[in-house]
Amino acid sequence: MKRSKLACKLLCLLALACGVARAATIDATGVDWSRGGSVVIREDNVDVNAYFAGVIFISLSDGGQTYYRDTLCVDLFTDIYLGQVYNTNLLRPQDVPQKDLTRVAWLVDNALLPTQNSSYGSVLPRDEWVFSAAQGAGIQLAIWDIVHDGGDGLSSGRVQAASADDANNNGLGATDPTVLLWAQSYESLSQDQSSDVAFVYNNVDLGGTVAQMLIGPEFSDGGPQPAPEPRMLMPAGAALIALSLALRHYASGKKL
């Protein structure tokens, strides 16, 4: 009987340590034209296209509650559709390898978050916070360039600025010079900077197809938080195994 109770306690401790995550869904409800706009860029050094670049509003549903948050896109080449429900898994920037999201998170923390939370202490002056459409489009363009090309100033790679005389510009013209200047400024400001204080939304549609990953400020609205990263759970698991063995040894000793 004692052994059964002991095992039950250990299983409960393991469940608490692992932090079982509840399923959450998001819905991209709209875009913020006051902090974003249409930008023309060249992709993969071939096609010139126009995209919305800027703040995307999401509603995040979990446990019967809905939370409203602001986000930016991570990848240029993966789709997400307004009004469609997606399953989401919240992560920290450091949990997503090979995208330099800790650098992106620094931008989110210091340029986007202060416009939503006046108590947050940004290291950037107020005029570099994302208040305007050009700034919103610029920070999004910077994020795409950081993620795909390491932040090379949109001069080469998968994401490039488009010029008016591009041979295949689809009649769209050039990248807005003001947006481009803001993108280059945000890249310069974030060079060699890093933060993990942001939420990454790893999304799939209800059929399991990967959708656009989003990133936004860390919210303390009572809603879902990033689940512990699997590799971070390993020390806790090892400690509990050791505790289990110690308690088993102790229980055996008491019987003797």
Practice task
Pop a pseudo-label 7 angstrom from the Cα along the beta-carbon direction at both ASP152 and ASN170 and give the gap in nm to one decimal.
Solution key: 2.2 nm
Handout entry: Gain in span if fully extended, ASP32 to ASP196, counting 0.36 nm per residue against the direct Cα distance
Key = 56.6 nm
Fill in the blank from the handout: Lys and Arg at +1, Asp and Glu at -1: neighbours of MET213 with Cβ under 10 Å from its Cβ sum to 0
Fill in the blank from the handout: Full extension between LEU181 and GLN225 adds, at 0.36 nm per residue less the Cα distance, a length in nm of 12.4 nm
Completion exercise
Rg from C-alpha atoms of the stretch 67-160, normalised by the globular rule of thumb 2.2 N^0.38 Å, equals 1.14
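Round to the nearest 0.05 the FRET efficiency obtained for PHE131 and THR25 when R0 = 30 Å and r is the Cβ-Cβ distance.
Working: r = 30 Å, r/R0 = 1.01.
So the FRET efficiency works out to roughly 0.50.
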Handout entry: Within-11-Å neighbourhood charge of SER194 [Cβ basis; K, R +1; D, E -1]
Key = -3
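Each value in this text was obtained by applying a stated rule to the coordinates, not by laboratory testing. It should be emphasised that the depicted structure is a prediction, and the values quoted were computed from it without experimental measurement. FYI the Cβ positions are ideal-geometry reconstructions off the backbone, even for glycines, and counts take in every protein chain you see.
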